[in-house]
Structures are given as C-alpha cells and as structure tokens.
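A.B. asks: Okay, here's the structure, questions in a sec.
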Amino acid sequence: ALAPHFARLNREWIERFFVLEPADIAVLDDPEAAIITTGGMIFFALSGSDVIGTCAVMPHGPGTLELAKMAVSPAAQGRGVGRLLGEACIAFARTTGAHTLMLLSSSRLPPALHLYESLGFRHAPMPAGVEYARADVHMVLPLV
C-alpha cells in the first residue's frame with residue numbers, strides 16, 4: 001500500500017540531483033519484486049498519516065545486504081528521520097545473519113555521507129560493475 005510513497009520520495013531526490021536510471025526504475029516500479037520477495041525489507045517513517053521517509057535493505061550477494069533508496073521529504077529533513085531509518089535498516093540487517101551491510105552513494109550528497117559515517121559505515125573501494133552512473137562512493141558496515 002505504501003509503494004507509491006516509496007517511489008515518490010525516491011524520485012523526488014534522484015530527479016533533483018541526478019537523472020533516473022534503469023536500475024532506479026526497476027526498483028521504484030515494483031519494489032515488492034525487487035526488494036521484498038528477494039528477502040529484503042522497506043522501512044517507512046510516518047508523521048501522523050504522512051509518509052515522510054523511506055529506506056530499503058536488499059540482498060546484494062552472499063552474506064551482504066545493501067542499504068538502498070533512503071529518502072526523506074525535504075520538509076522533514078534535519079529532524080533525525082534519516083538516522084531512525086538507517087538504524088532500523090541496520091537492526092534488520094543484523095537479524096538476517098549477513099556479515100556486511102553496504103551502500104552506494106554520491107560525493108554530491110555530503111549530508112547523506114555524513115549520516116552514513118555517523119551510523120558506522122566506512123568508505124571502501126568502489127566495486128566493479130556498479131549499475132548507477134551517479135555512484136562514486138562505496139561504504140561498508142561490518143555486522144559481526
């Protein structure tokens with residue numbers, strides 16, 4: 001039921017800073033197939049009945065999960081919503097038995113990078129085969 005909000009919030013920030021890419025469209029058009037049925041989870045932040053933020057955790061390889069598609073509405077930014085979403089994603093990832101939570105981001109998003117660093121993520125070399133042209137930052141968080 002909240003899938004349209006997942007797409008809306010993510011399209012909002014991606015289109016503000018970048019351009020939607022085929023990998024974005026695949027996830028945003030069918031988050032249940034791309035995330036939930038593969039063993040992932042999508043989290044939402046609500047203020048009353050308004051959806052003000054979202055973030056997903058999705059399988060990325062053996063023992064590794066990816067924190068993906070974090071978005072907070074501009075009106076709710078600076079209120080700790082991203083931190084709460086990040087903490088929920090990390091807690092979920094720990095329950096799965098995965099050993100690593102990773103993410104891809106962009107150096108054009110300093111507030112997001114600062115948040116990830118404050119959650120314990122550390123910069124790592126970019127992996128091969130990244131499907132997003134905008135991604136120039138790779139970060140990892142050991143879960144064990």
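A.B. asks: Does any residue in region 46-71 that is more than 13 Å from residue 93 (Cβ to Cβ) come within less than 6 Å, Cβ to Cβ, of a residue that is aromatic (Phe, Trp, Tyr) and open to solvent by 10 Å² or more (accessible area, probe 1.4 Å) six or more places away or on a different chain, and which pairs are these?
C.D. replies: Listed by first residue and then by second, the contacts come to 51/44; 54/44; 71/13.
A.B. asks: Something else about it: Among the residues of region 40-60, is any open to solvent by less than 60 Å² (accessible area, probe 1.4 Å) and part of a helix (DSSP H, G or I)?
C.D. replies: Taking every residue of region 40-60 in turn, none turns out to be open to solvent by less than 60 Å² (accessible area, probe 1.4 Å) and part of a helix (DSSP H, G or I).
A.B. asks: Just to be sure, is residue 120 open to solvent by less than 30 Å² (accessible area, probe 1.4 Å), over 19 Å from residue 3 (Cβ atoms) and part of a loop (DSSP other than H, G, I, E, B)?
C.D. replies: yes
A.B. asks: Answer with yes or no whether residue 34 is surrounded by fewer than 20 Cβ atoms within 10 Å (Cβ to Cβ) and in contact (Cβ under 8 Å) with a residue 24 or more places away in the chain.
C.D. replies: So residue 34 passes the test.
Residues are listed down the side, and each one gets a yes or a no for (1) assigned to a loop (DSSP other than H, G, I, E, B); (2) more than 12 Å from the chain's Cα centre (by Cα):
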position	(1), (2)
66	no, no
70	no, no
78	yes, yes
86	no, no
91	no, yes
94	no, yes
97	yes, yes
101	no, no
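A.B. asks: In region 1-31, what count of residues is obtained for those that are part of a helix (DSSP H, G or I) and open to solvent by less than 40 Å² (accessible area, probe 1.4 Å)?
C.D. replies: Within region 1-31, residues that are part of a helix (DSSP H, G or I) and open to solvent by less than 40 Å² (accessible area, probe 1.4 Å) number 10.
A.B. asks: Name the one entry in 68, 124 that is closer than 16 Å to residue 44 by Cα and of a type outside the set (S, T, N, Q).
C.D. replies: Answer to the check: 68.
A.B. asks: If you don't mind, another one. So, in region 50-97, of the ones that are touching a helix residue (DSSP H, G or I) at 6+ places or on another chain (Cβ under 8 Å) and among the hydroxyl-bearing types (Ser, Thr, Tyr), which residue ends up nearest to residue 23 (Cα to Cα)?
C.D. replies: 54
A.B. asks: Do you know which residues across region 36-59 are within 16 Å of residue 102 (Cα to Cα) and touching a Leu at 6+ places or on another chain (Cβ under 9 Å)?
C.D. replies: 39, 40, 42, 55, 56, 57, 58, 59
A.B. asks: Scan region 61-76 for residues that are of a type in the set (S, T, N, Q) and surrounded by fewer than 17 Cβ atoms within 10 Å (Cβ to Cβ) and jot them down.
C.D. replies: Residue satisfying the conditions is 64 alone.
A.B. asks: Residue pairs, Cβ under 8 Å, 6 or more apart or interchain, first in region 10-28 and in contact (Cβ under 8 Å) with a residue 60 or more places away in the chain, second surrounded by fewer than 13 Cβ atoms within 10 Å (Cβ to Cβ) and assigned to a helix (DSSP H, G or I). List them.
C.D. replies: If the second residue must be surrounded by fewer than 13 Cβ atoms within 10 Å (Cβ to Cβ) and assigned to a helix (DSSP H, G or I), the pairs left are 12/74.
The values are calculated or read from the model by the stated rules, or taken from the named source; none is laboratory data. In this text, all values refer to a predicted model and were calculated from it rather than measured experimentally. Every residue, glycine as well, gets a Cβ built from its backbone with ideal geometry; the counts of neighbours run over all protein chains shown. Each accessible area value is taken on the protein alone, full model and side chains, heavy atoms only, with ligands, DNA and RNA left out. Shrake-Rupley method; radii C 1.70, N 1.55, O 1.52, S 1.80 Å.
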